[in-house]
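Q: This is the structure I have questions about; it appears just below.
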Amino acid sequence: MAVLKTTSASTTSPRPVAPKATPRKTLPSASTRRQDDDDSAWSGIRRVYPVPASLFEPDRPPRSLDGCTFVRVAVERGIERAGLLRDWNALTYLVEPEAGSTPVERGELVVVPLGKGDTPTRGFVVETGGPELAGEIDPQTIKPIAGRTGARIPPALVDLGSWLSEYYICPLGMAMATMVPAAVKAGTGSRRVRLLQRPEPVPELPDLTPKVREAWDRIVALPPDVFPLAPRDLADAVGAKTVREINRLTALGGLEQIERDIVRARGETPHLPTPDVLPEPLNLTEHQRLAVEGLGGALGSFSTHLLYGVTGSGKTEVYIRLIERVLEAGKTAIVLVPEISLTPQTGARFVARFAAAGVAVLHSGLTASERHREWKRAASGGARVVVGARSAVFAPVRDVGLVIVDEEHDTSYKQDQLPRYNARDVAVVRAQIEGCPAVLGSATPSLEAWSNAAGPKARWSLWTLPHRATGSAMPRVEIVDMAELSRPEPGKKPPSPERVPQLSPRLRSALRQTLDRGEQAIILLNRRGYSHYLCCRDRKCGWILECDQCDSRLVIHTGRDLPRGAVVRCHHCLSEQIVPGRCPGCDGPLLRLGAGTQRVEEELERVFAADRVGPGAALVEGETLARIDGDTMRSGRDFFHALSEFASGRYRVLLGTQMLAKGHDFPNVSLVGVLCADAALAMPDFRAAERTFQLVSQVAGRAGRGAAAGTVIVQAYDPGAPAVQLASKHDFETFANAELQERREACLPPARRMARVVCRDRDFEKAREASERIASHLREAAEGSRSEVLGPSPCAIARIGGYHRFEILLLAPTARLVQDALQSLRRRGLLRSDAKTAVDVDPVSLM
C-alpha cells in the first residue's frame, strides 16, 4: 500500500552565512521538482490531479470519499515484497472524481506519486474497486493518482502480465512495462489537431454566396464515414482551392470543430514492398487444404497446433486463409515472425491481402513515431491484423481469434533481459486467455514443440506439409570435407593457415557456373568479422590476444575508416583495441587464424575479379556482392534495402550470417553455400546439434524455389556429424527422434524442465558466495521432490564486461516443480531478478 505520512515543519535554527561566501543555490521543493523537473515521467501525459507535498495538514478535516475509486497500480519499478504470491508490487491509490472524465479502467497507464518524495512514476491499473482495496490501511491516508496518460491495454494483457511476472520471476510492474513501447509512453509523434465534423442531421444554410454554396453542396454529398477531416483535406475533397469557404461554413455552424490526438509518422506501411509486386493468392495443395480445414474447425476455442512443413511448402498461405476466416467472424489476429528478418516479405503479403481490415507492422526497424502509430492503430481497432517480431505478442488488439508463431524454433523469440520471456510460449498463454487457437509453424520445429505434438505424450495437434507448394523438388545437397582438403599432398609443405582458402574448389566452380547462367547465390558463414584468432607464430611463446574484460578472444574487424585499417573487438563487451603489430610476449610475428564474413568477402572479390572471370561474373562489394551481418546492417532500413536490391537482380551474391537463413523467397537463387557448417557443434551447449541442423536446413531451403533446380554445398570439417548428414537429406524426423532419445537419457530438456540462475559480480568471491547461497536454498526447497540442483559452477564464459559469472541449474520433471522451488525462495525474499542475479526460466542458451 502507498501511504502518505504527515510531515511537520523543521524547528532547526538557520545556519549563519559566512561573509563573502557564494550563496548556495536553493533546491526546489519536492512538489516543485515533481511537477517541473521530472519531464521523462510526464512526457505525453495529461496532469489531471495535483500531487500536494502533504495531503493532510494537522488542522485539515478528513476528505470526502464519495464518488472516489480505489485502484491497484503496478508501478514500473523493480519492487518486490516478500511474503506475497501475486501482485508483487501493486500499490493502492485513490482516483478522485473529475467532471467530464471517464472512469479509470483496468489496464490503463497512469502516473502515481511514489515514495516519500512523491516521484511521478508510471504504472498500470491492475484492479479497481472500493475502499476494500485499502485493506488494513486507513482509506483517508491513500494517495491520489497524479495523472492519466490516455494509453491502455486490454484486460487480457493484464492477466498475461500477471502470469509473465509469476512464471519468469519478474516484478509485476516491469512485466507490464514490457507490453507498451517506450514511444507510446513518451507520446512520440503525437499531435493534437483540429478536425471538422458534419453534423447529423445536416443543417440548412440559407443566403450563401455561390462559391460557398457550391462547397456546401459537395460537402453534403460526401458519405458520413469520411468525417472527421482536417480543413485542408476537406477542401481538397470538395475541389476548393483554399480553405476560405470551409472556414466560412464552420463559422455559420455547418461544420463542427473537434480535437483529436493523432500520431504523425512517415509513410503508411513503412519499409514494405508495394502490393502491385506481390504474388496473387496461391491455389492450395491437398495438404494445405487439409491443414486449413482442420485448423479452421478449431477456431472459437483454445487449442495448440504445430504446422510442420518443409521450406517452401506454403505455410504462410495457410496462415492467410485462417486469418480470412477469423476476420469474417469479426475477430482479430496476431502473427509473430522472427525479428526483422522475416518482416519485409511476410509483412508485405499480409498488408496486401488484408488492406481492408488494416495491418499493423511492429518490428525493430521502425522509428519511434512509426512504432507509436502502428501500436495506436492496433489499440484503436484501425488494424485488425498485427504482424511483428517478439514484442508483437503484446499487441493491444481485442477479441483475438487466432495467434500464429511462424518459425517457432527461432531463438530470437527469447528475450535476454528482464523479463526473460519466450514469445512462443507467451503466445500460447495469450491464446489460452483469449480463448482462441495458437498455431506454431516451422520447417525445423524446436524439440520442445515436436515432443508436444509428435511425442509419446503429445498434447498438441500436428499438421504436416511434406512437399513444396510449387511442386518443385527439394534442393540437392553436397557435403565437402574441408579437413580432407586441408591435408597437404604427399611430399609438399602444408600452406600457411592464413592462406587456406575458405571456398572449396567445388563451391568456386558451382558459383562460377551459377553466375554465368545469370542466376543468384547465397553464401552463409555464421561468424562476422575478419579473423577470430590472433596469436604468436611461435608455439613456444603461446601468446593469444584476449579481451581484458571478458574470458574470450578478440575478433579482428577490417575497414577503411578504422585505425591502421583494422581493430580487434570483443563481441561480448564491445571493447576495441588497435591490432598489435608484433607479439607483446616475444616481439615475434603474429598469426591470424579463423575466418569471418569480411575475409570471405575479400576472397570472393579476389577470386571473381573482372580480369579473371570477365565482367559478367565479376563480384564487387556494393555493386554485385552484398555482405549482410551485424557490421553492415546498422538498421532495419539497411537490411530491407539490401534484400530489395537482391530481389531486383542488382546484387548477384548475398554473403552473410544467420540473418540470411530464414524466411526469404528469391526464385532466382539456385545455389546456396554453407561454410563451416559444423562450427556450432563445438559450443558447450546441449542444444548445439539442434541449432546446427536448423541452420543448415533453413539456409538450404532458400535454393531452388523458382524454375531452376537448387544446389546446396555444405562445407564441414566433421562431415559425418549426424546433424550435418541428416540436414543434407532433409530428414528432420529422424534427427528429432534420435536427439530426443539422447535428451531423455541425459535428463535434459525437453525431457525435463530447466531454470538457470546466474550470479555476477565484479568481485569473484562475492559472485561465488551469492551463487552458493542461492544453490543451498534451492536444494532445501527441492528436497523431497524429484528436482535436481546442479552447481554452482563458472559459466561457459566465466567473465563478461568485468563481471565474474556463476550459474546454478534447476532441473525437474515438470514445470510446476520448477516453479514451486523458485517461488519458495521468492516469497522469502531470497531470490529476485536484478542487476546481479538473472533468473532464466526455460533458457535457450547456456553460454
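Q: If you scan region 550-608, which residues turn out to be under 27 Å from the mean Cα position of the chain (by Cα), buried (at least 18 other Cβ atoms within 10 Å of the Cβ), part of a loop (DSSP other than H, G, I, E, B) and among the hydrophobic types (A, V, I, L, M, F, W, C)?
A: Cys550, Cys570
Yes/no per residue for (1) assigned to a helix (DSSP H, G or I); (2) without any contact (Cβ under 8 Å) to a residue 12 or more places away in the chain; (3) at positive phi:
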site	(1), (2), (3)
Arg702	no, no, no
Gln715	no, no, no
Pro719	no, no, no
Val724	yes, no, no
His730	no, no, yes
Thr734	yes, yes, no
Ala738	yes, no, no
Glu745	yes, yes, no
Pro749	no, no, no
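Q: Can I ask one more? Scan region 469-491 and tell me whether some residue there is of a type in the set (A, V, I, L, M), open to solvent by 30 Å² or more (accessible area, probe 1.4 Å), at pLDDT 95 or above and within 31 Å of the chain's Cα centre (by Cα).
A: Among the residues of region 469-491, not one is of a type in the set (A, V, I, L, M), open to solvent by 30 Å² or more (accessible area, probe 1.4 Å), at pLDDT 95 or above and within 31 Å of the chain's Cα centre (by Cα), which makes the answer no.
A quick yes/no check of all residues on (1) at pLDDT below 90; (2) open to solvent by 80 Å² or more (accessible area, probe 1.4 Å); (3) farther than 30 Å from His363 by Cα:
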residue: Ile219; (1), (2), (3): no, no, yes
residue: Leu222; (1), (2), (3): no, no, yes
residue: Arg260; (1), (2), (3): yes, yes, no
residue: Pro270; (1), (2), (3): yes, no, no
residue: Pro273; (1), (2), (3): yes, no, no
residue: Val277; (1), (2), (3): yes, yes, no
residue: Glu286; (1), (2), (3): no, yes, yes
residue: Arg289; (1), (2), (3): no, yes, yes
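Q: Please go through region 798-846 and give me each residue that is open to solvent by 50 Å² or more (accessible area, probe 1.4 Å), assigned to a loop (DSSP other than H, G, I, E, B), closer than 20 Å to Arg768 by Cβ and touching a residue at least 24 places away in the same chain (Cβ under 8 Å), ordered by number.
A: Leu830, Arg832, Asp834, Lys836
Q: Anything in region 746-760 that is among the charged types (D, E, K, R) and over 16 Å from Leu831 (Cβ atoms)? List them, or say none.
A: Arg752, Arg753, listed by residue number.
Q: Exactly one condition in (1) touching a His at 6+ places or on another chain (Cβ under 9 Å); (2) on the phi > 0 side of the Ramachandran plot is not met by Ala595; state its number.
A: (2) is the only condition that Ala595 fails.
Q: Report, by residue number, each residue of region 380-424 that is charged (D, E, K, R), buried (at least 19 other Cβ atoms within 10 Å of the Cβ) and under 22 Å from Ala177 (Cα atoms).
A: Arg390, Arg420, Arg424
Q: Pull out all pairs, ordered by first then second residue, where Cβ-Cβ is under 7 Å, the residues are six or more apart or on different chains, the first lies in region 412-440 and is at negative phi, and the second is basic (Lys, Arg).
A: Between residues of region 412-440 that are at negative phi and residues that are basic (Lys, Arg), the close pairs are Ser412/Arg390; Tyr413/Arg390; Tyr413/Arg424; Gln415/Arg390; Asn422/Lys414; Ala423/Arg390; Leu440/Arg424.
Q: List every residue pair whose Cβ atoms lie under 8 Å apart, where the two residues are 6 or more positions apart in sequence or sit on different chains, the first residue falls within region 504-531 and is on the phi > 0 side of the Ramachandran plot, and the second residue, located anywhere, is crowded, with 23+ Cβ neighbours inside 10 Å and small (Gly, Ala, Ser).
A: Gly529/Gly596
Q: Consider only pairs whose beta carbons are under 7 Å apart and that are at least six residues apart or on different chains; among these, list those whose first residue lies in region 161-183 and is over 15 Å from Ala395 (Cβ atoms) and modelled with pLDDT under 95 and whose second residue is open to solvent by 10 Å² or more (accessible area, probe 1.4 Å) and part of a helix (DSSP H, G or I).
A: Leu172/Ser162
Q: Looking at region 133-160, which of the residues that are at pLDDT 90 or above and assigned to a helix (DSSP H, G or I) is surrounded by the fewest Cβ atoms within 10 Å (Cβ to Cβ)?
A: For region 133-160, the residue satisfying everything is Pro155.
Q: OK, next. Within region 751-767, take every residue that is open to solvent by 40 Å² or more (accessible area, probe 1.4 Å) and assigned to a helix (DSSP H, G or I) and give me the one that is nearest to Asp685 (Cα to Cα).
A: Across region 751-767, the extreme among qualifying residues is Phe764.
Q: Okay, next question. Output the number of residues of region 705-752 satisfying the condition of being touching a strand residue (DSSP E or B) at 6+ places or on another chain (Cβ under 9 Å), within 22 Å of Ser442 (Cα to Cα) and basic (Lys, Arg).
A: The total comes to 2.
Q: Okay, next question. Only residues that are in contact with a Phe, Trp or Tyr (Cβ under 8 Å, 6 or more places away or on another chain) and farther than 18 Å from Lys662 by Cβ: list them for region 441-453, please.
A: Scanning region 441-453 gives Asn452, Ala453.
Q: How about region 299-333: which of its residues are open to solvent by less than 20 Å² (accessible area, probe 1.4 Å), in contact with a strand residue (DSSP E or B) (Cβ under 6 Å, 6 or more places away or on another chain) and assigned to a loop (DSSP other than H, G, I, E, B)?
A: Residue satisfying the conditions is Ser313 alone.
Q: Among the listed residues Ala355, Ala360, which satisfies the condition of being touching a helix residue (DSSP H, G or I) at 6+ places or on another chain (Cβ under 8 Å), modelled with pLDDT under 95, outside any helix (DSSP H, G or I) and crowded, with 24+ Cβ neighbours inside 10 Å?
A: Answer to the check: Ala360.
Q: Now a separate question. Residues Gln715, Gln725, Gln741: which one is buried (at least 21 other Cβ atoms within 10 Å of the Cβ) and more than 27 Å from Asp416 (Cα to Cα)?
A: Criteria check complete, one pass: Gln715.
Q: Next up: Can you tell me which residues in region 768-790 are without any contact (Cβ under 8 Å) to a residue 60 or more places away in the chain and either in contact with a His (Cβ under 8 Å, 6 or more places away or on another chain) or buried (at least 20 other Cβ atoms within 10 Å of the Cβ) (or both)?
A: Arg768, Ser771, Ala775, Leu778, Ala781, Ala782, Ser787, Val789
The values are calculated or read from the model by the stated rules, or taken from the named source; none is laboratory data. Small disclaimer: the values here were computed from a predicted structure and weren't measured. Please note: Cβ atoms are built from the backbone with ideal geometry, for glycine as well, and neighbour counts cover all protein chains shown. Heads up: the accessible areas ignore ligands, DNA and RNA and are worked out on the full protein's heavy atoms, side chains in. Shrake-Rupley method; radii C 1.70, N 1.55, O 1.52, S 1.80 Å.
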